[in-house]
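Enquirer: Take this structure, written in structure tokens, and hold onto it; I'll ask about it next.
The values are calculated or read from the model by the stated rules, or taken from the named source; none is laboratory data. Because the structure is a prediction, the values reported are computed rather than measured. Don't worry about glycine lacking a Cβ; one is built from the backbone with ideal geometry, like all the others, and counts go over all protein chains shown. Ligands, DNA and RNA are excluded from the accessible area calculation, which covers all protein heavy atoms including side chains. Shrake-Rupley method; radii C 1.70, N 1.55, O 1.52, S 1.80 Å.
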Amino acid sequence: MSHTKDQVPPPTVRPPTAVLTRGFDPRLSVGSARPAVFRCSTYVFSSPEAAERAFAVATGRVQPEEGEAVELIYARLNHPNAEILEDQMVPLEPGAQAAVVFNSGLAAIMTAFLTFARPGDSLVYTVPLYGGTQHLIHELLEPFGIRCHAVPAGDGTALDAAIHSVQNLRLVFIETPANPTMVMTDIRRASERAAARQPRPLVLVDNTFLGPTFQHPLQLGADLVLYSATKYLSGFSDLLAGAALARDPELIRQMRLRRAIFGNILPPDECWLLDGRLPTVTLRMNRQSKNAQRIAERLVEHPQVRKVYYPTLFDDAEQIKIRLAQCHYPGAIFSMDLYGGRRAAFEFLRHLRIARNAVSLGGVETLACHPMTTTHSSLTPEELARAGITEGMVRVSVGIEDWRDLLADFQQALDAAGEACAGAAS
Ligand SMILES: Cc1ncc(COP(=O)(O)O)c(C=O)c1O
């Protein structure tokens, strides 16, 4: 029996209330005030007819009736903790009507690509992208016969032209701000361009860096929002998860059918953990963004820093316009290009005392990494150059520590990097 149908909040309820009140009916969990974990691989049917009906719905042969409580079958297809989590995610993403969860962010992205694109179709994507997504494009989509066209992030004219002219265009994939250069791409403009084409390509946005708090792609015309929920949604660097949300529940239904084939549903324990993190995502992101803005705007002045990449620090008119139009706050990730190249970047990371040298982002603790040799190490030298990922670039994900302690930590690590580079040169 679905665990999500009985308790529908009043329509006027706001997201912070909805996330705590919808999607979970205590009567289905022996009265527990928070969801139980349903660690179970298979479910007992109330009758053979109910089993037949559940299979017909789960395999996509029939659509469920409005409000119908279809019985659960088997945890690769669906389970109560996934249903609860998906229902509670929806109000956090303005414009969303449905959600589907996966066992990683990359699993969500892969499932979206393989649900909506077929061999012979084309994909247009912005670069840079998270390195794993770019790897997925080269290692899976291209050999699979999907033609993939890269466009520089933030270049509205190039993206317009690609959306207008690429043959058999099925998907437009945008990551904004881009990992790790923080360059922003205009979601509304891309969605309007896509809408002008027949058949209309779907616009997919990886919203990991600013969503669900500071950027709302579905309200800007995008069709599907994708997350590495490993990051801000979960917030403690202790689980892997992914999600997709859409205005049109049919897109989500199609992805669920693929998920059942791929077997990449988020397991019950992770669903339960993530579910408990959702009510605080906005609180955490607000604190993290304020910390990052204060730190990034001060680090610009450090003599070891060539450039800080952060939404409020771009002076290009187009980037300012995009930020004002689609980013409520600049978020908690910035990158820095250091004088002294790779050596300076490595010395900076080696000397950090509070921030940790690790990949990933979005957790309550501050992390820093060297994208060229880690997250983006699968890119070719040409791709790195085109993406603007330099030897001296470090990416920082700011946590909820006191920003003054973090700033002091970064300043002393930059000083140390400067000394090491000066020592090497002399
Ligand atoms: C922007 C972005 N999208 C997707 C992913 C992939 O997410 P996951 O590691 O949860 O598979 C990452 C991971 O770093 C990311 O930064």
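Enquirer: Sort Asp87, Asp316 from largest to smallest accessible area, using a 1.4 Å probe on the heavy atoms of the protein chains.
Expert: Asp316, Asp87
Enquirer: Another question about this same structure. Pairs of alpha-carbon atoms within less than 8 angstrom and 6+ residues apart define the contacts here; what relative contact order does the chain have, in percent?
Expert: 16
Enquirer: Across the range 295-311, in residue order, what do the Karplus-derived ³J(HN,Hα) couplings come to in whole Hz, using 6.51 cos²θ - 1.76 cosθ + 1.60 with θ = phi - 60° and x for Gly and Pro?
Expert: 6, 4, 5, 8, 5, 3, 7, 6, x, 7, 9, 7, 7, 10, 9, 7, x
Enquirer: Assuming R0 = 60 Å, can you tell me the calculated FRET efficiency for the pair Ala425 and Ser46, based on Cβ-Cβ distance, to the nearest 0.05?
Expert: Once rounded, the FRET efficiency stands at 0.20.
Enquirer: Sequence-distant or interchain residues sharing an amide H contact under 5 Å with His149, placed H: which?
Expert: Residues meeting the amide H criterion: Leu123, Val124, Tyr125.
Enquirer: Sticking with this structure for a sec: Please list 3J(HN,Hα) in residue order for the range 116-126, calculated via the Karplus relation 6.51 cos²θ - 1.76 cosθ + 1.60 where θ = phi - 60°; whole Hz, with x for glycine and proline.
Expert: So the J values, rounded to whole Hz, are 9, 10, 10, x, x, 7, 10, 10, 10, 9, 8.
Enquirer: How big is the range 281-425 by the Kirkwood estimate over distinct Cα pairs, in Å?
Expert: The answer is 15.5 Å.
Enquirer: Note the count of lysine pairs whose C-alpha atoms are less than 26 angstrom apart in the chain, limited to pairs 8 or more residues apart or on different chains.
Expert: 5
Enquirer: Take Arg342 and Ala56, extend 7 Å from each Cα along the Cα→Cβ direction, and tell me the distance between the two endpoints in nm.
Expert: Going from the Arg342 label point to the Ala56 one covers 6.2 nm.
Enquirer: Of all DSSP beta bridges in the chain, what percent run antiparallel (nearest 5)?
Expert: 55
Enquirer: Which distance in Å, rounded to a whole number, links the C-alpha centroids of the range 178-236 and the range 14-47?
Expert: 29
Enquirer: How long is the gain from Lys290 to Asp402 if the chain were fully straight, where each residue apart is worth 0.36 nm and the alpha carbon distance is subtracted?
Expert: Using 0.36 nm per residue and subtracting the Cα-Cα distance, I get 39.3 nm.
Enquirer: Would you mind counting up the charge near Ala196? Only other residues with Cβ under 14 Å from its Cβ, with Lys and Arg at +1 and Asp and Glu at -1.
Expert: +3
Enquirer: Residues of the range 230-249 with backbone nitrogen within less than 20 Å of a virtual label 7 Å along the Cα-to-Cβ line of Ala358, please, listed as ranges.
Expert: Label zone hits: 230-242.
Enquirer: Only loop residues by DSSP count here, and only those with at most 16 other Cβ atoms within 10 Å; note down the trypsin sites (Lys or Arg not before Pro) in the range 317-390 that meet that.
Expert: Arg353
Enquirer: From the P(r) of the chain, could you give the percentage of C-alpha pairs in the tail past 27 Å?
Expert: 53
Enquirer: For the range 155-165, in order, what is each residue's ³J(HN,Hα) by Karplus, 6.51 cos²θ - 1.76 cosθ + 1.60 with θ = phi - 60°, in whole Hz (x at glycine and Pro)?
Expert: Running phi through 6.51 cos²θ - 1.76 cosθ + 1.60 with θ = phi - 60° gives 8, x, 5, 5, 5, 3, 5, 5, 5, 6, 10 Hz.
Enquirer: Given a Förster distance of 25 Å, report the FRET efficiency between Tyr74 and His138 from their Cβ-Cβ distance, rounded to the nearest 0.05.
Expert: 0.15
Enquirer: Using 0.36 nm per residue of separation minus the Cα-Cα distance, give me the extension gain between Thr17 and Asp269 in nm, one decimal.
Expert: Stretched out fully, the Thr17 to Asp269 stretch lengthens by 88.4 nm.
Enquirer: Enumerate the amide H contacts of Lys307 below 5 Å, restricted to partners 5 or more residues apart or on another chain; note that Pro and chain-start residues carry no placed amide H.
Expert: Distant-sequence amide H within range of Lys307: Asp337.
Enquirer: Could you let me know the centre-to-centre spacing of the range 249-322 and the range 341-414, using Cα atoms, in angstrom?
Expert: Result: 16 Å between the Cα centres.
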